[in-house]
Amino acid sequence: MTPPTPAPEACSLQFIGTATVLLRLGPFTLLTDPNFLHRGQRAYLGLGLTSKRLRDPALDVAELPALDGIVLSHMHGDHWDRVAKHRLDHDLPIVTTPKAARALHRQRFANAEGLATWQSTTLAKDGARLAITALPGRHVTGPARHLLPPVMGSLLDLTTAGGRNMRIYITGDTLFVDDLREIPRRYPDVDVAVVHLGGTTLPGGLLVTMDGRQGADLLELVRPGRAVPVHYDDYTVFRSPLSDFQAEVARRGLAALVDVVGRGEIRDLTTRGRAA
């Protein structure tokens, strides 16, 4: 008799705001890109630049559950702010870029780990394993790339006794660049993509995150089972609204992949299959 297939582990996503997402993956609870500034406060972006927050986060730090770790795409004030620096547990594992890890060590986050592209680290808990792999990302191209911090995408692979249970791709603050084309070759079966959008534009018209068109390009490339857009309406530097992305994916026949999660909403990630 063929043994029954184990039921998938419970997996969910709660959108807090900006690129801050609370992920419950089996026994693991992770936070991404913690940004807990409130409406009217300013995030520091480096080079003397700031941006005013337009909307409040759905949760405050005090309302978070116990965390097993943090995934941080890069060190910018709308992804790691002064609230995170002072109020998050300094013993938490943080997976990020090597440059951001060095900055976090200076802030006394001793368990920050910097990963090079394609390098992985693993968390283990209650018989499950969560592999976190750094994926390519590029905040800006051309000579200006030296002015902004390095960024990474992240792949989260949950494995339980029944095998791989869930694969999540978090794009990080990247543009749609050729480096990303290697991702579906190595990882052709992404269940969920958390897509950083916004068309973030710095003075001089410098685009540093995907707008609606580039976000649709990414969906055509990766073809996840579903795509959750984030990072699109929280700051004044975000110039490409969510509607740009929705219109572009609809034009390309990709609208069925997109799952818009409102602030504070919790989405069960095990209820929809991968796209054909």
Filtering segment 69-106 down to residues that are among the acidic types (Asp, Glu) and buried (at least 17 other Cβ atoms within 10 Å of the Cβ) yields Asp78, Asp81
Checked pairs for segment 246-265, first free of Cβ contacts under 8 Å to residues at least 60 places away in the same chain and more than 16 Å from Asp211 (Cα to Cα), second among the charged types (D, E, K, R) and crowded, with 17+ Cβ neighbours inside 10 Å, C-beta under 8 Å and 6 or more apart or across chains, list as Leu257/Arg223; Leu257/Arg226; Asp259/Arg226; Asp259/Arg267
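For Thr29, indicate whether it is under 19 Å from Phe109 (Cα atoms), free of Cβ contacts under 8 Å to residues at least 40 places away in the same chain and in a strand (DSSP E or B). Give the derivation first.
On the way: under 19 Å from Phe109 (Cα atoms): yes; free of Cβ contacts under 8 Å to residues at least 40 places away in the same chain: yes; in a strand (DSSP E or B): yes.
So Thr29 fits the description; yes.
Here are some residues: Pro203, Pro229. Which one is within 27 Å of Tyr44 (Cα to Cα) and touching a helix residue (DSSP H, G or I) at 6+ places or on another chain (Cβ under 7 Å)?
Just one listed residue meets the conditions, Pro229.
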Within segment 107-142, residues loosely packed, with under 15 Cβ neighbours inside 10 Å, of a type in the set (A, V, I, L, M) and under 25 Å from Val61 (Cα atoms) come out as Ala110, Ala124
Does Ile183 meet the test of being assigned to a strand (DSSP E or B) and of a type in the set (A, V, I, L, M)?
no
Of the residues in segment 1-25, those that are modelled with pLDDT of 95 or more and assigned to a loop (DSSP other than H, G, I, E, B) number 2
Residue hits (segment 220-245; β-branched (Val, Ile, Thr) and buried (at least 20 other Cβ atoms within 10 Å of the Cβ)) are Val222, Val228, Val230, Val237
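The values are calculated or read from the model by the stated rules, or taken from the named source; none is laboratory data. Bear in mind the structure is a predicted one, so any value in this text is a computation, not a measurement. Cβ atoms come from the backbone with ideal geometry, glycine included; neighbour counts cover every protein chain shown.
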